[in-house]
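Following: one structure in structure tokens, then a few remarks.
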Amino acid sequence: FRLRDWGMSRQRYWGCPIPVIYCPTCGVVPVPEDQLPVRLPEDVIPDGGASPLTQLDSFTKCTCPKCHGEAKRETDTFDTFFESSWYYARYACPDATDKMLDERANHWLPVDQYIGGIEHAILHLLYARFFHKLLRDEGLVKTDEPFTRLLTQGMVIADTYYRQDVSGKKIWFNPADVELVTDDKGKPLSAKLKSDGLPVEIGGTEKMSKSKNNGVDPQALIQEYGADTARLFMMFAAPPEQSLEWSDAGVDGASRFLNRLWRMVHAHVDAGDVPALTVAELSDDDKSLRRKIHETLAKVADDYGRRQSFNTAVASCMELSNALSRHPVHTAQARAVLQEGLMLLVMMLSPVAPHITQVMYELLGGQGLLVSAQWPTVDESAL
């Protein structure tokens, strides 16, 4: 792609020093390889003004590597894109002390899946690709591309509330501190601050941010509902590439679903031993449910792996849960189908809700850690 000129220098102290020396006789001279890296001085106290490096003779004054005359060191530093353009390769071998990268970089690269905000697409990803091809040309990596696949996730948005002070400045209040008055259809009519009972303005939905004070503390959610509920809601509320509108009612719904599944698993386990599944003895209703189970498994595997559509994967699990709860269990083989369905459902939900599914997996007879278990295989004959 068209890579424009990259203004990679910054007039500030922190950052990677640019290894260049200016000599009045020889001109611009690169720092010799045996003097790399150029290290920042550590006896510096930045005052918030110009870069202190420009005033530090112990750093700027040096000797020209060519003519050995008096010279000056570059005081600009590289911008942060310079480091972040190859960090993914360095992560593969962070303890390599004598070179940038070792053979472990070739073992792990290219990165299978890159996840980041859309703001990374123009600069960071373009620079990383440029850097990767430079590393390839220098023989440090063998692959042509740094990343195999990209997912740009959407923002989380939430309601905002504020008051204006006498100067007209907006003072923002966290949604947790506001009491909302709605009509019988849930439409907001007015809002007041819980602490003083006085009205606040409804500012509409905006991207969660510190400036608008509309973030949600995950710790409070975890204490009330558990981490699995928070994760399930976020995965279910919207496709990952779209904005997610925060909703306390949606969190409640996710909690109710997990609780229903928990009760269903316990009721099934409490009913006693389960016989082995014998397909030839299944009723038409049992076969129909088993088809639903394996159709769901095929769809969820595709949603997770190829489509990366986690909200539809969760929705399919919810549908299957409803089908399992409605299925009449009058025979031993009906219990066997229910056992298979619950076990596969728990495994399908485990990437989203790993804690509660681990416990249910053990209740249903699973051994070891579910996170280490083999992903289940679709029974084509059931389809």
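The values are calculated or read from the model by the stated rules, or taken from the named source; none is laboratory data. Everything numeric in this text was worked out from a predicted model, so none of it was measured. Neighbour counts run over all protein chains shown; Cβ positions are idealised from the backbone, glycine included. Ligands, DNA and RNA are stripped out before the accessible areas are found, and what is left, the full protein with its side chains, is counted by its heavy atoms. Shrake-Rupley method; radii C 1.70, N 1.55, O 1.52, S 1.80 Å.
Return the pair list, or none, for Cβ contacts closer than 7 Å from residues in the range 154-176 that are within 28 Å of ILE115 (Cβ to Cβ) and of a type in the set (Asp, Glu) to residues that are open to solvent by less than 60 Å² (accessible area, probe 1.4 Å) and modelled with pLDDT under 95, at least 6 apart or on different chains.
Close Cβ pairs satisfying both conditions: ASP159/PRO175; ASP159/ASN214.
Looking at the structure I just gave you, is LEU151 aliphatic (A, V, I, L, M) and in contact (Cβ under 8 Å) with a residue 60 or more places away in the chain?
Taking the combined requirement at face value, the residue satisfies it.
Across the range 265-299, what is the number of residues that are in a helix (DSSP H, G or I), in contact with a Leu (Cβ under 9 Å, 6 or more places away or on another chain) and among the β-branched types (Val, Ile, Thr)?
So the count comes out to 4.
Condition first: open to solvent by 30 Å² or more (accessible area, probe 1.4 Å), under 27 Å from LEU134 (Cβ atoms) and either in contact with a Ser or Thr (Cβ under 6 Å, 6 or more places away or on another chain) or β-branched (Val, Ile, Thr) (or both). Now tell me which residues in the range 62-75 satisfy that.
Listed by number, the list holds a single entry, ARG73.
Could you give every pair whose Cβ atoms fall below 9 Å, whose first residue belongs to the range 38-53 and is within 24 Å of PRO65 (Cα to Cα), and whose second residue is open to solvent by 40 Å² or more (accessible area, probe 1.4 Å) and small (Gly, Ala, Ser), counting only separations of at least 6 or pairs across chains?
Qualifying pairs under 9 Å: PRO41/SER58.
Look at ASP303 and say whether it is surrounded by 19 or more Cβ atoms within 10 Å (Cβ to Cβ) and more than 30 Å from LEU180 (Cα to Cα).
Here the answer is yes, as ASP303 does meet what is asked.
How many residues does the range 20-51 hold that are at pLDDT 90 or above and open to solvent by less than 40 Å² (accessible area, probe 1.4 Å)?
Adding up the residues that qualify gives 9.
Listed here are the residues, each with its yes/no results for (1) closer than 30 Å to CYS23 by Cβ; (2) among the acidic types (Asp, Glu); (3) assigned to a loop (DSSP other than H, G, I, E, B).
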| site | (1), (2), (3) |
| --- | --- |
| PRO37 | yes, no, yes |
| PHE81 | yes, no, no |
| ASP98 | yes, yes, yes |
| ASN106 | no, no, no |
| ILE122 | no, no, yes |
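Identify all residues within the range 55-105 that are modelled with pLDDT of 90 or more and closer than 16 Å to TRP14 by Cα; write none if there are none. Steps first, answer last, please.
Keep residues of the range 55-105 that are modelled with pLDDT of 90 or more, which gives 56-78, 85-96, 100-105.
Selection gives LEU56, PHE59, THR60, ARG73, GLU74, THR75, ASP76, THR77, PHE78.
Applying the selection to the range 267-291, what residues are open to solvent by 60 Å² or more (accessible area, probe 1.4 Å), in contact with a helix residue (DSSP H, G or I) (Cβ under 8 Å, 6 or more places away or on another chain), over 10 Å from VAL337 (Cβ atoms) and not small (Gly, Ala, Ser)?
GLU281, ARG291
Output the number of residues of the range 189-213 satisfying the condition of being surrounded by 12 or more Cβ atoms within 10 Å (Cβ to Cβ) and in a strand (DSSP E or B).
Looking only at that region, the number is 12.
Need pairs with beta-carbon distance below 8 Å; first residue farther than 24 Å from LEU180 by Cβ and within the range 240-260, second part of a loop (DSSP other than H, G, I, E, B) and open to solvent by 70 Å² or more (accessible area, probe 1.4 Å); sequence gap 6+ or separate chains.
PRO240/GLN153; GLU241/GLN153
In this structure, does HIS120 turn out to be closer than 26 Å to SER243 by Cβ, open to solvent by less than 20 Å² (accessible area, probe 1.4 Å) and within 21 Å of the chain's Cα centre (by Cα)?
no
Going by the structure shown, is GLN219 without any contact (Cβ under 8 Å) to a residue 24 or more places away in the chain, open to solvent by 90 Å² or more (accessible area, probe 1.4 Å), under 23 Å from MET155 (Cβ atoms) and under 31 Å from the mean Cα position of the chain (by Cα)?
yes
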